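*Asks:* I have a structure I would like to understand better, so I am pasting it below and will then ask my questions one at a time.
The values are calculated or read from the model by the stated rules, or taken from the named source; none is laboratory data. Bear in mind the structure is a predicted one, so any value in this text is a computation, not a measurement. Positions of Cβ are generated from backbone atoms using ideal geometry, with glycine treated the same way; all protein chains shown enter the neighbour counts.
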Amino acid sequence: MRVELLVVGAHNGEKLRNVILEEASKGLVILVEPVPYLFSELSNSFGSVPNVTCLDRCIAQQSGKVKFYAVDQAGRPVCPWADQLGSMDGKHAITHIKELAPHVTEMDVDAISFIELVEQFQIDAISTLIIDTEGYDAKLLPLFPFALVRPEKIIFEHKHSDGTYNIGRNLGRLLIALDELGYNISVLDIENCMATKRQPS
């Protein structure tokens, strides 16, 4: 099955609304988000859109329960983008803004690995993969089953690849791996990179 758009860490989908709707007009879109209240908002906005599947999971090394840390809804007035800081790193949000400490909730969420996601949906092609896991992109992307399916385009966050506000060896290893897999890599902005599959010469 071909997937036009796979978003890992979809939040409530509003930042990508136009992209989601455009890609859903072409084919299957899968939106993955583990935080319950954000998943509820995501489902309310896109659950009835044809070709869109919302999945309440966290991408991790393997399936099961994982500890996840998210800013609760009461933290939104402290910072309007605080709810975007959900991470498997318990200190990630408060490293951004220490006043968020009372609002960071530890929760057990259901996790699924990339390979199990690919197998569950019988994915054999992906047009665009967008991943934003607040510090885990460079750790999770190497676990993607590139031998089974190679996304045409990957957009990932580089900003926190080696800890909050740090880049280093994790990012370096990822860039080398993507290059060896046949991707050209460019910097989109201060937070994100894009890897585009090279065309055969």
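*Asks:* Going by what's in this entry, would S186 be described as closer than 26 Å to A125 by Cβ, at pLDDT 95 or above and of a type outside the set (D, E)?
*Replies:* yes
*Asks:* Working only within region 1-13, note down all residues that are under 23 Å from L85 (Cβ atoms) and assigned to a loop (DSSP other than H, G, I, E, B).
*Replies:* Correct list: G9, A10, H11, N12, G13.
*Asks:* Can you confirm whether region 102-109 contains a residue that is of a type in the set (A, V, I, L, M, F, W, C) and either touching a Gly at 6+ places or on another chain (Cβ under 9 Å) or under 18 Å from D132 (Cα atoms) (or both)?
*Replies:* Yes; the residues of region 102-109 include at least one that is of a type in the set (A, V, I, L, M, F, W, C) and either touching a Gly at 6+ places or on another chain (Cβ under 9 Å) or under 18 Å from D132 (Cα atoms) (or both).
*Asks:* Would you tally the residues in region 100-119 being polar (S, T, N, Q) and modelled with pLDDT of 95 or more? Reasoning before the result, please.
*Replies:* Let us first name the residues in region 100-119 that are polar (S, T, N, Q), namely 105, 113.
From what is left, the residues that are modelled with pLDDT of 95 or more are 113.
Number of matching residues: 1.
*Asks:* Quick check on this structure: which one of T133, T105 is within 25 Å of L38 (Cα to Cα) and in contact (Cβ under 8 Å) with a residue 60 or more places away in the chain?
*Replies:* Working: T105 fails: in contact (Cβ under 8 Å) with a residue 60 or more places away in the chain.
Residue meeting the stated conditions: T133.
*Asks:* Restricting attention to region 100-114, which residues are part of a helix (DSSP H, G or I) and either surrounded by fewer than 16 Cβ atoms within 10 Å (Cβ to Cβ) or touching a Lys or Arg at 6+ places or on another chain (Cβ under 8 Å) (or both)?
*Replies:* A101, P102
*Asks:* Considering only region 75-92, I want to know if a residue exists there that is aromatic (F, W, Y) and touching a residue at least 40 places away in the same chain (Cβ under 8 Å).
*Replies:* No, there is no match, as no residue in region 75-92 is aromatic (F, W, Y) and touching a residue at least 40 places away in the same chain (Cβ under 8 Å).
*Asks:* With respect to K139, is the statement that it is crowded, with 17+ Cβ neighbours inside 10 Å, charged (D, E, K, R) and over 19 Å from L55 (Cα atoms) true?
*Replies:* It is true that K139 is crowded, with 17+ Cβ neighbours inside 10 Å, charged (D, E, K, R) and over 19 Å from L55 (Cα atoms).
*Asks:* List the strands (runs of 3 or more DSSP E) inside region 115-201, counting only whole elements, that have at least 3 residues being assigned by TED's automatic domain parsing to the domain that holds A24 and within 19 Å of I59 (Cα to Cα).
*Replies:* 125-131, 153-157
*Asks:* Which of the strands (runs of 3 or more DSSP E) found entirely inside region 14-99 contain at least 2 residues meeting this: within 20 Å of D137 (Cβ to Cβ)? Walk me through how you get there before you give the answer.
*Replies:* Numbers: elements: 28-32, 52-55, 64-71.
Passing ranges, in order: 28-32, 64-71.
*Asks:* Here is a list of conditions, (1) surrounded by fewer than 22 Cβ atoms within 10 Å (Cβ to Cβ); (2) in the same structural domain as I154 (by TED's automatic domain parsing), and H96 meets all of them except one; can you say which number that is?
*Replies:* With (1) surrounded by fewer than 22 Cβ atoms within 10 Å (Cβ to Cβ); (2) in the same structural domain as I154 (by TED's automatic domain parsing) applied to H96, the lone miss is (2).
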